[in-house]
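The structure appears below as structure tokens.
FYI, it's all coordinate maths here, none of it is from the lab. Nothing here was measured: the structure is a model prediction, and the numbers come from that model. Cβ coordinates were reconstructed from backbone atoms using ideal geometry, including for glycine residues, and neighbour counts include every protein chain displayed.
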Amino acid sequence: MNIIITISITAFLVLYAGLFKANKALLPLTVVGLLTALGFTFCAWNGNAVHYGMMQTDNFALAFSAVCIVGTLLIFLLTQNYFHSKSDNIAEYYTLILFALAGMIMMVSYKNMAMLFVGLEIMSVSLYILAGIRKKDFASNEASLKYFLMGAFSTGFLLFGITLIYGATGSFDLDKIQAYLVANPQAVSPIFYPGVILMMIGLSFKIGAAPFHFWTPDVYEGSPSLITTFMSTVVKTAGFAAFLRLFAGAFAPLHDFWVVPLIVIVCLTLFIGNVTALFQKNFKRMLAYSSISHAGYLLFSLIVLSKNSENNVLVYATAYTFASIIAFAVLILVKQKTGSDSFESFNGLGKKNPLVALSLTIAMLSLAGIPLTAGFIGKYLMFLNVMGEYQTLLVAFAILNALVGFYYYFKVIVAMWFKDGGEVELSTPAQYKVVLLLSVVITIVLGIYPAIILNLI
Amino acid sequence: MEQLLLLIFLPLVGAIITAFTGKLAKIVSTVFAVASLGLTLFIACSFIPDASTQFEANLPWIADLGIRFHAGIDGISMLVVLLTNLLVPIIILSSYKHDYKNPAAFYALILFMQCGLLLVFTAMDAFLFYIGWEAALIPIYFICAIWGGKDRIRINMKFFVYTIAGSLFMLMGIIYLYLQNPAHNFDLQAFYALNLNADQQGWIFWAFFIAFAIKMPIFPFHTWQPDTYTAAPTQGTMLLSGIMLKMGIYGLIRWLLPIVPHGVQEWGNLAIILSIIGIVYASLIAFTQKDAKRLVAYSSIAHVGLISAGIFALNQQGMQGAMVQMLSHGINVVGLFFVLDIIFSRLKTNKIEELGGIAKSAPQLAIVFLIIVLGTVALPGTNGFIGEFLLLMGVYNYSIWAAAIAGLTIIFGAVYMLRMYQNIMLGKTNSLTITFTDIKGTEKLVLYIICVLIIVLGVYPKPLLHLTEASVQHLLEQVNQKLKQ
């Protein structure tokens, strides 16, 4: 509760600071606010408090809140000079991102499906505006409109699903829904099943899983890079947490029913995401498609529900978030210098900027899932979980997809180190250095000693 | 335990320090490589050649997943550890005449790879083994792709995807074994003790075998190898052929045979047939090669084929032969590639027909090159002989015909190697080769060390055989015992 209040108050303060043109105060204010919120998550650890029957800050919620807050914090650090060059009203950016974060905290800690809907909408509405915040940019407008239409559409599915489930069980409360399923294993109301499917579709839209992924590449490419970073890392993580809370929690007794459509979604997502990413010539678009394929790996944890499923998603999402933040940070730097985000603009980057290139290499290795990086541990846990029920074919399929992944992640490594190019020298602001260093350290430490995060939830 | 940890992590520390030394990298990396060699010799001297695992380090690592940092050295490991730490300083020394751009990264990557290799060769925990397996691959990929020759990006991508495809399926096999293990850990001994049925053993066999076969490489998984060897910088080629392919052989001995003996019994025949086909096929292609580096690459496939046939023959001679031959092949092939590198750095070509008569202008090179070639074709009195003799004996005990075919190709091997030597070193000098200057400095040092090793190990191989004997015997007993069940 404190977390949401802190974040919301920070958002309002930032808005007022913007009103009085105190642009220099925005970042410090936000950082202090987020650190306070982070502090509250640590204080609430192991508390498992239920707030008015609507939200439950169990360790699952707190761990994902912490990942979202830290991710947002890093993205805020990347704003240095970024928004200033784009717009006068930079306070709006800060406020909207903070409101979106508040929505996400609700999404990861809801106990009542109404809260899921409220949180999702707070987040989505903020994001619709953020995607289109460059008013005069055609691509940004397109992204915003597409995102809004698709988002509204998927919310429709979600709401319809919630309604059907309410009709069947008479409650929005996750525990009561689960109790209903446990109490009537043979006589679940027939309207419950379409409800589950509709909710799955609605949430799949939000996390960009195939075949509901069509909006992602255009929206990710059209939005300002920093907003894309936010959408493909923190927002995605929150979406997954919401998905998991529902399906691994309330709907778990019906696992046998919904696992079949889930497997179809997983296979499609992996295949479409990876194969399309392979043909991209633009780094940003490649990241967009790769984020689709990562959604596939994340959904993998739901195929076999075990006591580790939730923690596996946490590890994977953390690994993915930090690696992606590195990737986007370097992308922003490169784009500032070269004006392009194609693979060619990375040519020869390693010669003049070895440390930046090294960070991006580590990020790519982590996304590809090479040992000694966090990404490997994430993938390993996913495979281990599914192998636990000897779904060998599924794992083999995922492994083949991981192989495809190597090709496109290594494209940028090849460009940076092995190709001769423009010899651009990036100007890396101090805050970027901090973000890169921090993310690299987290990626490596989790890769070498993941024990620190394995038993959190 | 402390010695082993120091042995494994000294190169890693060296790599990190070397990365920040700029122009001094050559010297600093040499210091670390020689220090590792010294430590290895010290460990080898205090090693008791029985079947036990010594210097064992068993530390908790990721407890929740049943992963431990469990490493140790027995006779089999000792030999490959010796090989690794012997060859790395030689390889670094052999690069002294080169001025690679960005030397700090180059030497740091070599030392980093050494650490990965040592992990593979000492790991007694499957997860640790896998980590080392990949940790050795990443640096060599960068070495080959940054400092390599023409078309290096495409070739190395092929190499990388090939090997990592193999290793990912091995990872699947490892996870499967982990799940089968009631104690839920990755311990080697626990894996040995598993009771898998024939079906499971068959699947695990293939999951591991393909990974190892790609690394070695065994026909038909070899297609990445000639291109990669040719396009890599010489030191990369040496690392690949001298040490890295031994990862595959070591994996066969340590992980494949004892864990799935029934799988080996069922599919071993096929593996031997593939190995023999590989020997014949690679020898025939080597005959037609115009580029000396490619010729050596193909001859390497033939040699490795014989080693793997010897291992799958599942007898003491074959296995011992494989052990000795791993070391000999490593030394010889590094020597061969170094000689070709010396020729290339002076004349800018490795085309056999463009060369000739180098012996006149470089008598010292002619002598050392001859010794290395003789070692490669297994002349009695050189190190190659002991290994190939034992291997052939092992294969003979398994099947007369296989031994006959393999033996024939060894004769072929002698023909094409000697013909290569003749065409490069003897005959008339042409306008190109007349300018050739003889070896000096570090070139001399490296080649002399290699020649001394070839002759000493050829004349007096007993300590080497003694080193591995007990461990090999123990391993075979273990396998046979499981087969009887």
What percentages make up the Cα-Cα pair-distance distribution of the range A:310-403 when the bins are 5 Å wide from 0? 3, 13, 19, 19, 15, 11, 9, 6, 3, 1
Built amide H within the under 5 Å cut-off of A:Ser342, gap 5+: A:Phe283
Taking Cα atoms only, helix B:292-312 is inclined relative to the longest principal axis of chain B by an angle, in degrees rounded to 10, of 30 degrees
A correct Karplus calculation of ³J(HN,Hα) over the range A:223-239, with 6.51 cos²θ - 1.76 cosθ + 1.60, θ = phi - 60°, whole Hz and x for Gly and Pro, returns 5, x, 3, 5, 5, 4, 4, 4, 5, 8, 10, 5, 4, 4, 4, 5, x
Semi-axes, largest first, in whole Å: what does sqrt of 5 times each Cα gyration tensor eigenvalue give for the range B:262-485? 36, 19, 12
Label-to-label distance, nm, for residues given as A:Phe12 and B:Val456 (7 Å Cα→Cβ offset): 8.2 nm
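Let me check against my output: what whole-number percent is the relative contact order of chain A, with C-alpha pairs under 8 Å and at least 6 apart? Before the final figure, lay out each step's value.
Details: 744 pairs, mean separation 64.6, N = 457.
Here the relative contact order equals 14 percent.
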Could you work out the local net charge near B:Ile439, counting Lys and Arg as +1, Asp and Glu as -1, over the other residues with Cβ closer than 15 Å to its Cβ? +2
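Over chain B, what per residue volume does the convex hull of the Cα atoms give, in whole Å³? Let's see the in-between values first.
Working: hull volume 60.4 nm³, N = 485.
In chain B, the Cα convex hull volume per residue is 125 Å³.
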Hull-based mean projected area of the range A:2-454, where the convex hull spans the alpha carbons, in square nanometres: 19.7 nm²
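Return the Rg/Rh ratio of the range B:346-461 with Cα-based radii and a Kirkwood Rh. Mind dumping the intermediate values first?
Numbers: Rg = 16.7 Å, Rh = 15.6 Å.
Rg divided by Rh gives 1.07.
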Distance between Cα centroids, the range A:1-80 to the range B:451-485: provide it in whole Å. 64 Å
Under 23 Å between C-alpha atoms, the lysine pairs in the range A:350-457 lying 8 or more places apart or on different chains count 8
Gained length - A:Trp45 relative to A:Tyr390, 0.36 nm times residue gap less alpha-carbon distance: 120.7 nm
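Report, to one decimal in Å, the Kirkwood hydrodynamic radius for the range B:1-259 based on all distinct Cα pairs. Intermediate values should be presented prior to the final figure.
Working: mean 1/r = 0.0535 Å⁻¹.
Over the range B:1-259, the inverse of the mean reciprocal pair distance is 18.7 Å.
Assuming 0.890 mPa s and 25 °C, estimate D for the range B:401-445 with Stokes-Einstein, Rh taken as the Kirkwood radius over Cα pairs, in µm²/s.
On the way: Rh = 13.4 Å.
D = 183 µm²/s.
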Report, by chain and number, residues whose modeled amide H sits under 5 Å from the one on A:Ile370, excluding near sequence neighbours (fewer than 5 apart, same chain). A:Phe376
Amide H to amide H under 5 Å from B:Gln54: which residues, 5+ apart in sequence or cross-chain, H placed 1.01 Å off N in plane? B:Ile73, B:Asp74
Return the loop-located trypsin sites (Lys or Arg not before Pro) in the range A:110-178 (DSSP other than H, G, I, E, B) with at most 11 other Cβ atoms within 10 Å of their own Cβ; answer none if there are none. A:Lys135, A:Lys136
Over the range A:367-422, what is the mean sequence separation of C-alpha contacts under 8 Å (at least six apart), divided by residue count, expressed as relative contact order in percent? 29 percent
At most 15 other Cβ atoms within 10 Å plus a DSSP loop assignment makes a site exposed; report the longest stretch of chain A without any exposed GluC sites (Glu not before Pro). A:1-388
Under the Karplus curve 6.51 cos²θ - 1.76 cosθ + 1.60, θ = phi - 60°, whole-Hz ³J(HN,Hα) for the range B:176-186, x wherever Gly or Pro sits: 4, 4, 4, 5, 6, 6, x, 7, 6, 9, 9
To the nearest 10 degrees, how steep is helix A:90-109 against the longest Cα principal axis of chain A, on a 0 to 90 scale? 30 degrees
If the cut-off is 22 Å between C-alpha atoms, which lysines fall inside it for B:Lys351, apart from same-chain ones fewer than 8 positions away? B:Lys97, B:Lys150, B:Lys290, B:Lys293, B:Lys360, B:Lys428
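Once you have the Cα-Cα distance between A:Glu423 and A:Lys307, take 0.36 nm times their residue separation minus that, and quote the gain in nm to one decimal.
Working: separation 116, 0.36 × 116 = 41.76 nm, distance 5.02 nm.
Contour length minus Cα-Cα distance gives 36.7 nm.
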Once phi is turned into ³J(HN,Hα) by the Karplus curve 6.51 cos²θ - 1.76 cosθ + 1.60 with θ = phi - 60°, what whole-Hz value does each residue of the range A:156-165 show in order, with x for glycine and proline? x, 4, 4, 5, 4, x, 4, 4, 4, 5
Taking 0.36 nm per residue of sequence separation and subtracting the Cα-Cα distance, how much length would be gained by fully extending the chain between A:Val182 and A:Val441, in nm to one decimal? 88.8 nm
Rh_Kirkwood(the protein assembly as shown) over Cα pairs, Å, one decimal, evaluates to 29.7 Å
How far, in degrees from 0 to 90, does helix A:309-338 lean away from the longest principal axis of the Cα atoms of chain A, to the nearest 10? 30 degrees
Considering Cα pairs under 8 angstrom that are at least six residues apart, work out the relative contact order of the range B:262-485 and quote it in whole percent. 28 percent
